[in-house]
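Asks: After the structure tokens below, expect a handful of questions from me.
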Amino acid sequence: MPAYTYVDRPEQAIAVIEAQEVVGVDTEFMREKTFYAQLCLVQVAAGAQILIVDPLSMQDTGRFWDALLAREWVSHSARQDIEVIYQSAGCMPVALFDTQIAAALLGYQPQLGYAGLIKALFDVDLPKLHTRANWAIRPLPEAYLAYAAEDVEFLLPARERLADRLDEKGRLGWAIDDSRLLLDPALYAADPLLAAQRLKSLSKLGGARRAAAAALAAWRETDAIERNLPRQWILKDAVLTDIAVRLPANTAELERIEGLPPKIIKRAGDVLLAAVASARDQADVGAEPQRRRRGGPDEEQKSVLLAMQARVAECANDLGVAAETIASKKELSAVILEGERNARVFTGWRKSLIGDQLARML
């Protein structure tokens, strides 16, 4: 069990953090009952010290964030940590080294967890006893705090070891560039117009039904943000999809949707019907939901996609990394189907390595 200092006043942490150029950072948060995650703990590895910072007990976190965000962070699979801190502090760290990204560039599996990485690098087994703990309770049990401390105990040594190996292969800059991509605020902006992309059923819908699903998802996203409630608490995916498929024209038809709470009909029934009516006006209904994704690849596009995947796989094999570390099938499909020319495979180190070749294949 690592030694740590519990911090509930900013002045306990600021001097320790400001003495470092690089710090390891992890977070614990809760989001089961809210749209936005509630930040409950920030763990900081600062030199030989581990700080367990309790933002819920601090009256003023401004000076703490000023100190922490001015350092380079080392984090593992940092996207969720960056998101919750960006929502809480309104700022990003000046630099980031993501150990999961770095490990993938050395040939480890792309989604390798923190415990798996530490086992691979140091042959240390980290327990997974409190992954579903209630981090909002106070006081926190000692076992929870010790578990939180272990989440940053090896971050700085892991960075050192990974960076050395990457440097030997000429890939350290790749890891730094890919980590930097996570510091784009646009990644964390909740855009209601893009909410439909979360629906697994969207690919099976076409015409007015697809338009209705998109409009309903946008309304749900906006309502969830305003009320700070989980999306599924507002309207479950299955119910939203059923509304889009049935395209109700009046309140009576809306009331026949199974699983649609009467309180939603009372509060927002007119809005739901308006969204459906607008979708009807914009697109043809069509007889049935489409089996194939609307706008799916034709035979020529499929052929190009397969050729691009093969070239990516060949390049990945030469490097000893997973193909998705260079470019996933989803990314390549977006390039072909949506003309996405800002994809990461056409930028940074990937551009000269393989991006220019793929562009010529298009």
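The values are calculated or read from the model by the stated rules, or taken from the named source; none is laboratory data. In this text, all values refer to a predicted model and were calculated from it rather than measured experimentally. Please note: Cβ atoms are built from the backbone with ideal geometry, for glycine as well, and neighbour counts cover all protein chains shown. Please note that ligands, DNA and RNA were not included when accessible areas were found on the heavy atoms of the full protein model with its side chains. Shrake-Rupley method; radii C 1.70, N 1.55, O 1.52, S 1.80 Å.
Asks: In the range 259-299, how many are among the acidic types (Asp, Glu) and modelled with pLDDT of 95 or more?
Replies: Qualifying residue count, the range 259-299: 1.
Asks: Only one of ALA268, ALA217, ALA252 is among the hydrophobic types (A, V, I, L, M, F, W, C) and without any contact (Cβ under 8 Å) to a residue 12 or more places away in the chain. Can you tell me which?
Replies: ALA252 is the lone residue from the list that is among the hydrophobic types (A, V, I, L, M, F, W, C) and without any contact (Cβ under 8 Å) to a residue 12 or more places away in the chain.
Asks: Ok, one more. Among (1) touching a residue at least 40 places away in the same chain (Cβ under 8 Å); (2) outside any strand (DSSP E or B); (3) of a type outside the set (A, V, I, L, M, F, W, C); (4) open to solvent by 40 Å² or more (accessible area, probe 1.4 Å), which single condition is PRO2 missing?
Replies: Every listed condition holds for PRO2 apart from (4).
Asks: Here is a follow-up. Please find, among ASP237, ASP223, ASP178, ASP242, the residue that is of a type in the set (Asp, Glu) and within 16 Å of the chain's Cα centre (by Cα).
Replies: Exactly one of ASP237, ASP223, ASP178, ASP242 is of a type in the set (Asp, Glu) and within 16 Å of the chain's Cα centre (by Cα), namely ASP178.
Asks: Can we say GLY339 is crowded, with 16+ Cβ neighbours inside 10 Å and farther than 20 Å from GLN109 by Cβ?
Replies: No.
Asks: Let me ask you something else. Could you please tell me which pairs satisfy a Cβ distance under 7 Å, a separation of 6+ or placement on different chains, a first residue in the range 154-176 that is more than 19 Å from ALA48 (Cβ to Cβ) and at pLDDT 95 or above, and a second residue that is assigned to a loop (DSSP other than H, G, I, E, B) and open to solvent by less than 50 Å² (accessible area, probe 1.4 Å)?
Replies: Note: pairs meeting the criteria are LEU162/LEU106; ARG165/LEU106; LEU166/LEU105; LEU166/LEU106; ARG171/LEU105; TRP174/LEU105; ALA175/LEU105.
Asks: To continue, here is another question. When the residues of the range 121-162 are filtered to those that are touching a helix residue (DSSP H, G or I) at 6+ places or on another chain (Cβ under 6 Å) and among the small types (Gly, Ala, Ser), which remaining residue is surrounded by the fewest Cβ atoms within 10 Å (Cβ to Cβ)?
Replies: Once the filter is applied, the top-ranked residue is ALA133.
Asks: List every residue pair whose Cβ atoms sit under 8 Å apart, with the two residues 6 or more apart in sequence or on different chains, where the first one lies in the range 123-136 and is of a type in the set (S, T, N, Q) and the second, anywhere, is open to solvent by 100 Å² or more (accessible area, probe 1.4 Å) and at pLDDT 90 or above.
Replies: Correct list of pairs: empty, since none qualify.
Asks: Taking the condition of being open to solvent by less than 20 Å² (accessible area, probe 1.4 Å), under 17 Å from ALA149 (Cβ atoms) and not in a loop (DSSP other than H, G, I, E, B), how many residues in the range 7-27 meet it?
Replies: 6
Asks: Further question: Restricting to the range 34-67, name every residue that is open to solvent by less than 10 Å² (accessible area, probe 1.4 Å) and within 20 Å of the chain's Cα centre (by Cα).
Replies: CYS40, LEU41, VAL42, GLN43
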